[in-house]
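Participant: Quick one: the structure is below, questions incoming.
The values are calculated or read from the model by the stated rules, or taken from the named source; none is laboratory data. The model shown is predicted, which means the values in this text are computed figures rather than measured ones. Cβ coordinates were reconstructed from backbone atoms using ideal geometry, including for glycine residues, and neighbour counts include every protein chain displayed. Ligands, DNA and RNA are stripped out before the accessible areas are found, and what is left, the full protein with its side chains, is counted by its heavy atoms. Shrake-Rupley method; radii C 1.70, N 1.55, O 1.52, S 1.80 Å.
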Amino acid sequence: MRIAQVSAHTSPLAPLGGRETGGMNVYVLELSRELARLGYEVDIFTRLDGELPRVEQVAPNLRLVRIEAGPPTPIEKEEIVGHLPEFHRNMKRFAEEQPGGYDVIHSHYWQSGWAGTLLARELDLPHVVMFHTLGEVKNRARFGEQEPRLRIRHERTIARRATAIITASSHERLLLERYYGADPAAMHTVPCGVDLELFQPRDRSIARERLDLPAEAPVLLWVGRLEKLKGVEILVDAVAELERRDFTLLIVGGDERAASMRAELEAQAAAAGISANVRFEGAVSHDVLPWYYSAADVCVVPSYYESFGLVAVEAMACGTPVVASRVGGLVSTVIDGVTGYLIPWRCPGPFAEKLEVLLGNPELRANFSRAAQRSVERFRWSTVGLHIADVYDAARERHMRGRVIQEDAGGFGKEAWEAAILAR
Ligand code: UDP
């Protein structure tokens, strides 16, 4: 079977920890690798954004195809929208040139979903979509954040036209039903996978030595893309509330585009008198991250929303307990009181309270650590990859039965679809 993965706005080979390079990049690459190992032929389509090869063989059975759409340089995600019709046209041309074509189109994020919907329609293929984040949900999660109505409108039509929708958590599935009117029969919940060969506990004292950290004093860790939705400011305020002052808080992630947010956090730490306790590490590659997770006593995920939250699972795989917001996918990955704590409020006090409990109790941490390692088996890629392959089979069957849900009787016209994306 040949699969076209579509990741228009960000390349799965881009360095992680930038503003637009996080969980989805990891997911698309790792899923594609797993499918390729299973014998599928996989092409990942992304926008050409530099002097890079048009077609790159990433692994046996796996290629990255860079599609011309707009300037061949990095541009803001919001600007890519205007180049989506060109992205679709060039992707279609490439797809039609491939002997045997594709059997399934699997799109990631709404922008790719837009192109994937049209391509699937034109090539008469099943369209599997995964949103990763949803505009409506982002707007509800964080007061003041406003995703454009255009995005939400498109998400709605993409969801209703998809042959299958994959959600990483049952919470996201519920939201798609409730706010987007998605068809329950089209939905499949499959958790994200994590590379459990890479994310394993490493020797704590070696980890601390490598990272130039004190051998015994508490180490707290945050990892991610530095963006507002991640709630890092809650964590900075929470650690400022701790009675002890012998801790180090490591903040991992963020490139030059996150400079202003980093400056805000630095100012916040300075105002709280804890500048000496907070270390900004910048973006760190996946290969090195297990050392960070292994060096830390607790990993904190104070996000306003996470559709899955890979970081929490990576930390638990390395035997590090997690203190996380009780939101989105975190509810189904972190087991409250067993592998970490889930905090129902987005405010520092309750985070500080649970951090005190864990930091003051090494035995509890050890228990949580063992439970955390046991709990992540279900996220092993070899299992997750097979589930996704089942979804492809189900989508093909559904497509062949001709039961693709049409949103309205007006049919589906390419011109109207293109006009809608350009009407901003
Ligand atoms: N990540 C990384 N280096 C960094 C920051 C983040 O490799 O400096 C990775 C992290 O290990 C995880 C992903 O980026 O695999 C973030 O995924 P998550 O689901 O936690 O958040 P998202 O990016 O989807 O919002």
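Participant: May I ask you to list the residues in the range 55-95 that are farther than 19 Å from A420 by Cα, among the charged types (D, E, K, R) and either in contact with a Lys or Arg (Cβ under 9 Å, 6 or more places away or on another chain) or without any contact (Cβ under 8 Å) to a residue 12 or more places away in the chain (or both)?
Facilitator: If the condition is that a residue be farther than 19 Å from A420 by Cα, among the charged types (D, E, K, R) and either in contact with a Lys or Arg (Cβ under 9 Å, 6 or more places away or on another chain) or without any contact (Cβ under 8 Å) to a residue 12 or more places away in the chain (or both), then E56, R66, E68, E76, R93 are the ones that fit.
Participant: Further question: Would it be correct to say that G410 is of a type outside the set (F, W, Y), at positive phi, at pLDDT below 95 and not in a helix (DSSP H, G or I)?
Facilitator: no
Participant: Could you say whether any residue in the range 40-50 is in a helix (DSSP H, G or I) and either open to solvent by less than 60 Å² (accessible area, probe 1.4 Å) or in contact (Cβ under 8 Å) with a residue 24 or more places away in the chain (or both)?
Facilitator: Looking through the range 40-50, none of the residues is in a helix (DSSP H, G or I) and either open to solvent by less than 60 Å² (accessible area, probe 1.4 Å) or in contact (Cβ under 8 Å) with a residue 24 or more places away in the chain (or both).
Participant: Continuing with the same structure: Within the group G282, G349, G328, which residue is touching a residue at least 60 places away in the same chain (Cβ under 8 Å), over 27 Å from S205 (Cα atoms) and within 12 Å of the ligand (Cβ to nearest atom)? Can you show your working first?
Facilitator: Numbers: G282 fails: over 27 Å from S205 (Cα atoms); G349 fails: within 12 Å of the ligand (Cβ to nearest atom).
Checking each option against the conditions leaves just G328.
Participant: Return the residue satisfying two criteria in turn: it lies in the range 310-324 and is touching a residue at least 60 places away in the same chain (Cβ under 8 Å) and near the ligand (Cβ under 8 Å from one of its atoms), and of such residues it is nearest to L29 (Cα to Cα).
Facilitator: Result: L310.
Participant: Next question. Among the candidates R346, R326, single out the residue that is at pLDDT below 95, charged (D, E, K, R) and open to solvent by 10 Å² or more (accessible area, probe 1.4 Å).
Facilitator: Values: R326 fails: at pLDDT below 95.
Within the list R346, R326, the selection yields R346.
Participant: Ok, one more. Looking at (1) over 22 Å from V28 (Cα atoms); (2) modelled with pLDDT of 95 or more; (3) part of a helix (DSSP H, G or I), find the lone condition where H154 falls short.
Facilitator: Evaluating H154 over (1) over 22 Å from V28 (Cα atoms); (2) modelled with pLDDT of 95 or more; (3) part of a helix (DSSP H, G or I) leaves (1) as the failure.
Participant: Also, quick follow-up: Go through (1) open to solvent by less than 30 Å² (accessible area, probe 1.4 Å); (2) touching a strand residue (DSSP E or B) at 6+ places or on another chain (Cβ under 8 Å); (3) within 15 Å of the ligand (Cβ to nearest atom); (4) not polar (S, T, N, Q) for R33 and report which single condition fails.
Facilitator: In the conditions (1) open to solvent by less than 30 Å² (accessible area, probe 1.4 Å); (2) touching a strand residue (DSSP E or B) at 6+ places or on another chain (Cβ under 8 Å); (3) within 15 Å of the ligand (Cβ to nearest atom); (4) not polar (S, T, N, Q), R33 misses (1) alone.
Participant: Which of (1) open to solvent by less than 10 Å² (accessible area, probe 1.4 Å); (2) in contact with a helix residue (DSSP H, G or I) (Cβ under 6 Å, 6 or more places away or on another chain) is the odd one out, the single condition E172 does not satisfy?
Facilitator: In the conditions (1) open to solvent by less than 10 Å² (accessible area, probe 1.4 Å); (2) in contact with a helix residue (DSSP H, G or I) (Cβ under 6 Å, 6 or more places away or on another chain), E172 misses (2) alone.
Participant: While we're here: Could you check V384 against (1) closer than 17 Å to R202 by Cα; (2) in a helix (DSSP H, G or I); (3) of a type in the set (V, I, T) and say which number it fails?
Facilitator: (1)
Participant: State all residues of the range 215-243 that are in contact with a Lys or Arg (Cβ under 7 Å, 6 or more places away or on another chain), within 11 Å of the ligand (Cβ to nearest atom) and at negative phi; if no residue qualifies, say none.
Facilitator: Result: R225, L226, E227, L229.
Participant: If A272 satisfies all but one of (1) within 14 Å of the ligand (Cβ to nearest atom); (2) open to solvent by 10 Å² or more (accessible area, probe 1.4 Å), what's the number of the condition it fails?
Facilitator: (1)
Participant: What number of residues within the range 115-138 satisfy the criterion of being away from the ligand (no atom under 16 Å from the Cβ), out of contact with any Pro (no Cβ under 9 Å at 6 or more places or on another chain) and assigned to a helix (DSSP H, G or I)?
Facilitator: Residues that pass the stated criteria total 7.
Yes/no matrix, rows are residues, columns are (1) within 23 Å of A168 (Cβ to Cβ); (2) not charged (D, E, K, R):
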| residue | (1), (2) |
| --- | --- |
| R2 | no, no |
| Q5 | yes, yes |
| A8 | yes, yes |
| E20 | yes, no |
| Y27 | yes, yes |
| E34 | yes, no |
| R37 | yes, no |
| F45 | yes, yes |
| L48 | no, yes |
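Participant: Looking at G181, G135 in this structure, which one is under 16 Å from the mean Cα position of the chain (by Cα) and more than 25 Å from E34 (Cβ to Cβ)?
Facilitator: G135
Participant: Out of the residues in the range 175-214 that are open to solvent by less than 60 Å² (accessible area, probe 1.4 Å) and part of a helix (DSSP H, G or I), state the one that is farthest from the ligand (Cβ to nearest atom). So that I can check it myself, show each step before the final result.
Facilitator: Going through the range 175-214, the residues open to solvent by less than 60 Å² (accessible area, probe 1.4 Å) turn out to be 175-176, 179-183, 186-196, 198-199, 207-208, 211, 213-214.
Pick out the ones that are also part of a helix (DSSP H, G or I) and you get 175-176, 179-180, 186, 207-208.
Details: L175: 16, L176: 17, Y179: 20, Y180: 20, A186: 23, A207: 16, R208: 19 Å.
By that ranking, first place goes to A186.
Participant: Which residue pairs have Cβ atoms under 6 Å apart, sit 6 or more places apart or on different chains, and have a first residue in the range 227-245 that is over 18 Å from L358 (Cβ atoms) and a second that is open to solvent by less than 10 Å² (accessible area, probe 1.4 Å) and of a type in the set (S, T, Y)?
Facilitator: K230/S303; G231/S303
Participant: Among the residues of the range 280-300, how many are surrounded by 15 or more Cβ atoms within 10 Å (Cβ to Cβ), outside any helix (DSSP H, G or I) and not aliphatic (A, V, I, L, M)?
Facilitator: Within the range 280-300, residues that are surrounded by 15 or more Cβ atoms within 10 Å (Cβ to Cβ), outside any helix (DSSP H, G or I) and not aliphatic (A, V, I, L, M) number 5.
Participant: Report, by residue number, each residue of the range 319-371 that is under 21 Å from Y292 (Cα atoms), under 19 Å from the mean Cα position of the chain (by Cα) and assigned to a loop (DSSP other than H, G, I, E, B).
Facilitator: V334
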